Amino acid sequence: MMHARHEDDEGAQVIRLDSARQDGGEAGGPDGAGSGSGAGPGPLERGIASGLAFLRRRIAGDYEVDEFGYDPDFNESVLLPAARALYERWFRVELAGLENVPADGGALIVANHSGTLPLDALMLSVALHDHARRCVRLLGADLVYQVPVLAHMARKAGHTLACQADAARLLGKGELVGVFPEGFKGVGKPFAERYKLQRFGRGGFVGTALRAGVPIVPAAIVGAEEIYPKIADLRPLARLLGLPYFPVTPTFPLLGPAGLIPLPSKWMIQFGEPMTLDDYAAEDADDPMTVFNLTDHVRENVQQMLYDTLLRRGPAFF
């Protein structure tokens, strides 16, 4: 080993490499002359170098986009770093049960949805990319893909419409797919109903998993409910703008654009044990009772996980 001492080396002077770097020089001289400072590039320099490398790749066309519009280079260089700042420093996200996420192959992540604005989708993407080393392909509502800039960014991040055809193609390619069955009912529910799951629709995600023969991984996201506490809904304005709801929170619209800054709640994301569907055949996806029972079972699992994770998190902001 580098710093091991031997009996016959009693008189030898050992210079630790990290000490040499801290002193600003190397063994070539006490003042470090001719040997450089020994310090590596700082965060700013690394950021500039990374940005320039990204621009060179874009100009040269040295990047790939798949059939869904997923651009891994753009996602990892632009979108994820911005979301990661919120993940690590603002929401201080903690993970549990990460070993339940399959390391490879197709699987369906089924999570609760909340927060007035769907930042939980971004945090789930960062968690799985950085810690499970997998890109989750989220299924989004039609409204997401009707907003020009938002639609483009969602496609670049690898997400697509919440339809069985797209989900089946992704799962068939061995991708990790994420779905929020509550939809807008979950993300737009009032603060008084926080952490109470809404209906899981008609169970389309269960039919998709049955046909693809992939496991369902339940996920509970705690923390999003507190970022924009929704205390009212301006329905006439929402209808005028073509939105599912127009929220009123303690800070929005009272504080204008500043009210869009999310409150720094403490987040936890827990992944439950995979629910394998080996006892079912693909044809069971056409049986309404089977789909209903499985959907209800998944919903119960996610709800119980929410209660458990909520207790483990404790206070919302500390």
Using beta carbons and a limit of 9 Å, which pairs, at least six apart or on different chains, have the first residue in segment 159-186 and touching a residue at least 60 places away in the same chain (Cβ under 8 Å) and in a helix (DSSP H, G or I) and the second one aromatic (Phe, Trp, Tyr) and surrounded by 22 or more Cβ atoms within 10 Å (Cβ to Cβ)? GLY186/PHE180
Would a scan of segment 273-286 turn up a residue that is in contact with a strand residue (DSSP E or B) (Cβ under 6 Å, 6 or more places away or on another chain) and more than 18 Å from GLY186 (Cβ to Cβ)? yes
Is one or more of the residues making up segment 117-130 open to solvent by less than 30 Å² (accessible area, probe 1.4 Å) and either on the phi > 0 side of the Ramachandran plot or modelled with pLDDT under 95 (or both)? no
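If I ask for residues that are part of a loop (DSSP other than H, G, I, E, B), open to solvent by less than 60 Å² (accessible area, probe 1.4 Å) and modelled with pLDDT of 95 or more, which ones from segment 132-146 would you list? First the steps, then the outcome.
Applying the first criterion (part of a loop (DSSP other than H, G, I, E, B)) to segment 132-146 yields 132-135, 141.
Next cut, open to solvent by less than 60 Å² (accessible area, probe 1.4 Å) only: 132, 134-135, 141.
Result: ALA132, ARG134, CYS135.
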For segment 178-212, give me the residue count where each residue is closer than 19 Å to MET305 by Cβ, in contact with a strand residue (DSSP E or B) (Cβ under 9 Å, 6 or more places away or on another chain) and aliphatic (A, V, I, L, M). 3
So the check is Cβ under 6 Å with 6+ separation or different chains; which pairs have a first residue in segment 211-233 that's under 19 Å from LEU138 (Cβ atoms) and a second one that's charged (D, E, K, R) and crowded, with 22+ Cβ neighbours inside 10 Å? ILE221/ASP120; ALA224/ASP120
For PHE200, which of the numbered conditions (1) among the hydrophobic types (A, V, I, L, M, F, W, C); (2) in contact with a Ser or Thr (Cβ under 6 Å, 6 or more places away or on another chain); (3) at pLDDT below 95; (4) under 24 Å from PHE74 (Cα atoms) fails to hold? (4)
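Could you list, in sequence order, all residues of segment 219-242 that are more than 17 Å from the chain's Cα centre (by Cα) and surrounded by 15 or more Cβ atoms within 10 Å (Cβ to Cβ)? Outline the logic, then answer.
In the first step, residues of segment 219-242 are kept if they are more than 17 Å from the chain's Cα centre (by Cα); the result is 226, 228-242.
Result: GLU226, TYR228, PRO229, LYS230, ASP233, LEU234, ALA238.
Kindly indicate whether LEU306 is part of a helix (DSSP H, G or I), closer than 21 Å to ALA162 by Cα and in contact (Cβ under 8 Å) with a residue 60 or more places away in the chain.
Values: part of a helix (DSSP H, G or I): yes; closer than 21 Å to ALA162 by Cα: no; in contact (Cβ under 8 Å) with a residue 60 or more places away in the chain: yes.
Taking the combined requirement at face value, the residue does not satisfy it.
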Of (1) surrounded by fewer than 22 Cβ atoms within 10 Å (Cβ to Cβ); (2) of a type in the set (D, E, K, R); (3) assigned to a helix (DSSP H, G or I); (4) at pLDDT 95 or above, ARG57 satisfies every one except (4)
Regarding segment 255-264, can at least one residue be identified that is out of contact with any helix residue (DSSP H, G or I) (no Cβ under 6 Å at 6 or more places or on another chain), at pLDDT below 95, over 15 Å from LYS189 (Cβ atoms) and part of a loop (DSSP other than H, G, I, E, B)? yes
Long-range neighbours under 6 Å by Cβ, at least six apart or interchain, first residue within 22 Å of ILE48 (Cβ to Cβ) and open to solvent by less than 30 Å² (accessible area, probe 1.4 Å) within segment 71-94, second part of a helix (DSSP H, G or I) and hydrophobic (A, V, I, L, M, F, W, C): ALA83/LEU122; ALA83/VAL126
Criterion (more than 30 Å from VAL65 (Cβ to Cβ) and surrounded by 20 or more Cβ atoms within 10 Å (Cβ to Cβ)) met by exactly one of GLU175, GLU193, GLU182: GLU182
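Quick one: which of VAL206, VAL149 is open to solvent by 10 Å² or more (accessible area, probe 1.4 Å) and either assigned to a helix (DSSP H, G or I) or modelled with pLDDT of 95 or more (or both)? Walk me through how you get there before you give the answer.
Values: VAL206 fails: open to solvent by 10 Å² or more (accessible area, probe 1.4 Å).
Selected residue: VAL149, the only one of VAL206, VAL149 that is open to solvent by 10 Å² or more (accessible area, probe 1.4 Å) and either assigned to a helix (DSSP H, G or I) or modelled with pLDDT of 95 or more (or both).
The values are calculated or read from the model by the stated rules, or taken from the named source; none is laboratory data. Note that the structure is a prediction, hence the values are computed from the model and not measured. Glycine also receives a Cβ, built like all others from the backbone with ideal geometry; neighbour counts cover every protein chain displayed. Areas reflect the complete protein model, heavy atoms only, side chains present, ligands, DNA and RNA absent. Shrake-Rupley method; radii C 1.70, N 1.55, O 1.52, S 1.80 Å.
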